[in-house]
Amino acid sequence: MEQCFHLSRGTRWRHGRNGRLRPAALYDSMVTHEGAKRKARMVKQHSQVINAMMGVCDLVVVAGAWVAAYEIRFLWFANTGLPGAPLAVANLLVALLVSLLVLSGMGLYKPRRDRSFLEELGQLIKASCLSWILIVTAIEFTNQEQYTRGMLAAFLPVMMAGLILERGTY
């Protein structure tokens, strides 16, 4: 414990780190400020880890929705041939990239301490619809062969439900 000195007019003085005398109030505010900086760095580092984990979970949900839509379209309603595996994987990568960019662009990886779940639910629905529109546009205009619209139609509700359930868990 450091010693406080009362030298003049009731002002308390303390020795700082460098041995100089400083007013105790100034010293206390400096110590508090340095501690707050340290805590803010620690929270920021933990926040980056949490945001990365949220991004990975979102990518897993989008990939699962893509596989589920593929199953629904081609295994339950199989009246046409299956598309090639390279085409399905390439389109999956497009879906993952677009959805990650849209979800981060909509601010869904920022802390939500001040937002309600209903507000985040609205943002998730908007982000799902926007990413679906961009995915459909990218797939329709970049592929040489016609890609099935049934799978793309099944992808939106499955992805939206998956993201809502995933975000509702935490």
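The values are calculated or read from the model by the stated rules, or taken from the named source; none is laboratory data. Fair warning: this is a prediction, and the values are worked out from it, not measured in the lab. Neighbour counts run over all protein chains shown; Cβ positions are idealised from the backbone, glycine included. Accessible surface areas use protein heavy atoms only, side chains included; no ligands, DNA or RNA. Shrake-Rupley method; radii C 1.70, N 1.55, O 1.52, S 1.80 Å.
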Looking for something farther than 17 Å from Thr137 by Cβ and at pLDDT below 80 - is there at least one such residue anywhere in the range 101-111? yes
Select from the range 65-82 the residues that are modelled with pLDDT of 80 or more and open to solvent by less than 70 Å² (accessible area, probe 1.4 Å) and list them in ascending order. Ala65, Trp66, Ala68, Ala69, Tyr70, Ile72, Arg73
Taking the stated definitions as given, is Ile125 at pLDDT 80 or above, open to solvent by 60 Å² or more (accessible area, probe 1.4 Å) and under 18 Å from Leu165 (Cβ atoms)? yes
Answer with yes or no whether Arg167 is free of Cβ contacts under 8 Å to residues at least 12 places away in the same chain, touching a helix residue (DSSP H, G or I) at 6+ places or on another chain (Cβ under 9 Å) and either at negative phi or of a type in the set (S, T, N, Q) (or both). no
Please go through the range 117-152 and pick out each residue that is part of a helix (DSSP H, G or I), out of contact with any helix residue (DSSP H, G or I) (no Cβ under 7 Å at 6 or more places or on another chain) and either basic (Lys, Arg) or free of Cβ contacts under 8 Å to residues at least 24 places away in the same chain (or both). Leu118, Glu119, Gly122, Gln123, Lys126, Ile133, Thr137, Glu140, Phe141, Arg149
Restricting the search to the range 145-159, which residues are crowded, with 19+ Cβ neighbours inside 10 Å and within 22 Å of Leu121 (Cβ to Cβ)? Ala154, Phe155, Val158, Met159
